[in-house]
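**Q** Take a look at this one; I'll ask things after.
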Amino acid sequence: MKNRLPIDAKTGFDVNDDFERFAQRNEIYCRSEWDPEIASDAARKFFDGHYMPHARARKADGFGQRDYALRNASWHVTNVLRDLRRADDDRKEGFFDTFSCHAEGWDEPYPFDSPESGTANLRRAAESIGVGLMGVCEYDERWVYESRFSEKTKQDKPVDIPDDLPNVIVIGEPMDIGLTATVPSALSGSATGIGYTHDTVVLLTLSQYIRNLGYRAVASMNDSALAIPLAAQAGLGEIGRHSLLITKEYGPRLRLGKIFTDMPLLIDEPSNFGVRKFCEICQRCSSACPPKAIPASAPSRTPHSVSNLKGILKWTTIAEKCFRFWASQNSDCSICIRVCPYNRDFSRWHNRVWRRLAATPLRKFMLQIDVFFNKRGRMSSRNWWRS
C-alpha cells in the first residue's frame, strides 16, 4: 500500500510514511464495548436510551418524553435493518458490517455505451430515489479499515469488501437545519436519526439498482471504511476544523454512506471552495465545544489516542472528551455543526454570496459578519414544537 497518492494534491491530504490504516475496534463507540477507559454506566445508558423504556426523560427543555419519542422513532427503521442478523450472525449492519439484505440482481451487466452514459444514468436514478448529494471516487485502500470489530467476541474480524471493486459512490443525506438548532437536546438527535434513516434507504435502493443492472455493489454506512476522506475525494466537500465534511450545499449538516462497485463510472474531481483557509482563522466550533474536544491550534500529525488516525496532518477531535459529553447528556451532540458559519440555508442567494466571499481574502471580514449577524445560540425545543 502506498501512503501517498496523486489524489492527495487535489484534496490537500498530507499523508506521511508513519500512516497506518485504522482498525475499527479503536473507533470510540466500539471502544465503549471493550475498553475500560470508555466503557461506563453512562455510556451504557446512552445507548439504551435510544429505546423508550430507557430514555430517562426529564423536565429539562429538549429532554422530555415527546423529544425522546421523536428521536427514538427517527432511528427505528435503521435499527430494524441493523439488527436483522445481529443475534445469529454477529452482523451489526450499517455500523460494524456492510449491508447484506439485497435481492438477487441481473446475471449480465447492462451494456452502457461509456462510463459517461453509465454515470448519467446512475445520477438520474439517484435523483429519483432522493439522494441529497452524490460523488464518485476511486477505491482507496488507505481509508478501508484494517479490520472490523466483532460485537460478539470483542475481537477483530476481516473486512468483507472485495478489493477488486474499483469505484466508490459516496452519498450524503442532509440533516434538518431546524432540529439541529436545538442541540444539545434529545430532540436534536432526531436530525441525526432521520439522516441515518434516509441514508440507509437510499444506500439499499441505489445498490440494489446497480445489482439489478448486473454489476456488483456493496452498501456501507458507518462500517468498514472511513467515509469522510472518501467523500472529499469524491468531490462532496472539504474537511473542517471540527473534522467533519463541509459541503457547498448543506455545510456540515450531512450523514454519509458509500457503495463499493464495479459499475463503470466517471470519477469526480475533489472540491475546493476555501474551507481550509477559512477554518484556519475561525474558532467558532472549538470555542463552543463544552468538553473542549475540538482543537483551537493548527493541524497536527500527533494523534490524541488510538481513536485517531496516525500519520496524516489534520485537525483531530479528542474522541474521548466528545463521547463522554454525549454520554453525560444522554443524547448525541452536534453543537459544532450548529455554530459552524457554513451551517446555512444555501438555497438563499445572500448565503451563497457569503460562501463565495468566504473563499477570498475577505474571509476574515465574512467571519466577522457571521459573528455579528448569526449568534448561533441554541433554539428552545419548546419553540421548535410550537413552530
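The values are calculated or read from the model by the stated rules, or taken from the named source; none is laboratory data. Predicted model, so just to flag it, every value in this text is computed and none were measured. With ideal geometry, Cβ positions are generated from the backbone for all residues, glycine too; neighbour counts draw on all protein chains shown.
**Q** Tally up the residues in the range 207-227 that are closer than 23 Å to residue 145 by Cα and in a helix (DSSP H, G or I), please. Break it down into steps so the answer makes sense when it comes.
**A** Residues of the range 207-227 that are closer than 23 Å to residue 145 by Cα, as a first pass: 207, 216-227.
Next cut, in a helix (DSSP H, G or I) only: 207, 227.
Going through the range 207-227 one residue at a time, the tally reaches 2.
**Q** Related question: Looking at the range 73-81, is at least one residue of a type outside the set (Phe, Trp, Tyr), out of contact with any helix residue (DSSP H, G or I) (no Cβ under 6 Å at 6 or more places or on another chain), in contact (Cβ under 8 Å) with a residue 12 or more places away in the chain and not in a helix (DSSP H, G or I)?
**A** Among the residues of the range 73-81, not one is of a type outside the set (Phe, Trp, Tyr), out of contact with any helix residue (DSSP H, G or I) (no Cβ under 6 Å at 6 or more places or on another chain), in contact (Cβ under 8 Å) with a residue 12 or more places away in the chain and not in a helix (DSSP H, G or I), which makes the answer no.
**Q** Every residue in the range 228-243 that is buried (at least 24 other Cβ atoms within 10 Å of the Cβ), of a type in the set (A, V, I, L, M) and either part of a loop (DSSP other than H, G, I, E, B) or touching a Ser or Thr at 6+ places or on another chain (Cβ under 9 Å) (or both), please.
**A** Across the range 228-243, the qualifying residues are 231, 232, 234, 236.
Results for (1) over 26 Å from residue 96 (Cβ atoms); (2) touching a residue at least 12 places away in the same chain (Cβ under 8 Å), shown as yes or no for each residue.
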site: 3; (1), (2): yes, yes
site: 6; (1), (2): yes, no
site: 12; (1), (2): yes, yes
site: 30; (1), (2): no, yes
site: 34; (1), (2): no, yes
site: 38; (1), (2): no, yes
site: 46; (1), (2): no, yes
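**Q** Something else now. Just need a number here: residues in the range 348-387 that are of a type in the set (Ser, Thr, Tyr), assigned to a loop (DSSP other than H, G, I, E, B) and closer than 29 Å to residue 71 by Cβ.
**A** Residues in the range 348-387 being of a type in the set (Ser, Thr, Tyr), assigned to a loop (DSSP other than H, G, I, E, B) and closer than 29 Å to residue 71 by Cβ: 2 in total.
**Q** Could you list, in sequence order, the residues of the range 102-129 that are exposed (fewer than 13 other Cβ atoms within 10 Å of the Cβ) and part of a loop (DSSP other than H, G, I, E, B)?
**A** 103, 104, 106, 107, 108, 111, 113, 114
**Q** Is it true that some residue in the range 282-292 is of a type outside the set (Val, Ile, Thr), assigned to a helix (DSSP H, G or I) and under 30 Å from residue 25 (Cβ atoms)? Lay out the reasoning, then the answer.
**A** Filtering the range 282-292 down to residues of a type outside the set (Val, Ile, Thr) leaves 282-292.
From the residues that got through so far, the ones that are assigned to a helix (DSSP H, G or I) too are 284-288.
Adding the requirement that they be under 30 Å from residue 25 (Cβ atoms) leaves 285-286.
Yes, some residue in the range 282-292 is of a type outside the set (Val, Ile, Thr), assigned to a helix (DSSP H, G or I) and under 30 Å from residue 25 (Cβ atoms).
**Q** Is it true that residue 30 is in contact with a strand residue (DSSP E or B) (Cβ under 9 Å, 6 or more places away or on another chain), part of a helix (DSSP H, G or I) and not polar (S, T, N, Q)? Break it down stepwise before answering.
**A** Working: in contact with a strand residue (DSSP E or B) (Cβ under 9 Å, 6 or more places away or on another chain): yes; part of a helix (DSSP H, G or I): yes; not polar (S, T, N, Q): yes.
Judged against the criteria, residue 30 is a match.
**Q** From the list 1, 52, which residue is surrounded by fewer than 14 Cβ atoms within 10 Å (Cβ to Cβ) and touching a Phe, Trp or Tyr at 6+ places or on another chain (Cβ under 8 Å)?
**A** Of the residues listed, the single one that is surrounded by fewer than 14 Cβ atoms within 10 Å (Cβ to Cβ) and touching a Phe, Trp or Tyr at 6+ places or on another chain (Cβ under 8 Å) is 52.
**Q** For the range 303-327: of the residues being hydroxyl-bearing (Ser, Thr, Tyr) and either touching a Ser or Thr at 6+ places or on another chain (Cβ under 8 Å) or part of a helix (DSSP H, G or I) (or both), which is surrounded by the most Cβ atoms within 10 Å (Cβ to Cβ)?
**A** 317
**Q** A follow-up question, please. Of all residues in the range 121-165, which are over 18 Å from residue 262 (Cβ atoms), of a type in the set (Gly, Ala, Ser) and more than 19 Å from the chain's Cα centre (by Cα)?
**A** Scanning the range 121-165 gives 128, 147, 150.
**Q** Still on this model: Among all residue pairs at least 6 apart or on different chains, which show Cβ distances below 6 Å where the first residue, located in the range 122-146, is at pLDDT 95 or above and the second is surrounded by fewer than 22 Cβ atoms within 10 Å (Cβ to Cβ) and aromatic (Phe, Trp, Tyr)?
**A** Within 6 Å, the pairs are 125/209; 145/22.
**Q** Here's something else I'd like to know. Under 9 Å between Cβ atoms, at least 6 apart or on separate chains: pull out the pairs that start in the range 57-71 with a residue that is crowded, with 19+ Cβ neighbours inside 10 Å and end on any residue that is in a helix (DSSP H, G or I) and aromatic (Phe, Trp, Tyr).
**A** 62/384; 67/385
**Q** Now, a different point. Tell me, please, whether a residue that is touching a helix residue (DSSP H, G or I) at 6+ places or on another chain (Cβ under 9 Å), in a helix (DSSP H, G or I) and surrounded by fewer than 20 Cβ atoms within 10 Å (Cβ to Cβ) can be found in the range 328-347.
**A** Checking the range 328-347: at least one residue is touching a helix residue (DSSP H, G or I) at 6+ places or on another chain (Cβ under 9 Å), in a helix (DSSP H, G or I) and surrounded by fewer than 20 Cβ atoms within 10 Å (Cβ to Cβ).
**Q** Under 7 Å between Cβ atoms, at least 6 apart or on separate chains: pull out the pairs that start in the range 345-358 with a residue that is without any contact (Cβ under 8 Å) to a residue 24 or more places away in the chain and end on any residue that is among the hydrophobic types (A, V, I, L, M, F, W, C).
**A** The qualifying pairs are 352/346; 354/366; 357/366.
**Q** Can I ask one more? Name, by its number, the condition in (1) more than 21 Å from residue 153 (Cβ to Cβ); (2) modelled with pLDDT of 95 or more; (3) among the basic types (Lys, Arg) that does not hold for residue 56.
**A** Evaluating residue 56 over (1) more than 21 Å from residue 153 (Cβ to Cβ); (2) modelled with pLDDT of 95 or more; (3) among the basic types (Lys, Arg) leaves (2) as the failure.
**Q** Of a type outside the set (Phe, Trp, Tyr), within 29 Å of residue 327 (Cα to Cα), within 15 Å of the chain's Cα centre (by Cα) and at pLDDT 95 or above - does that describe any residue in the range 268-281?
**A** no
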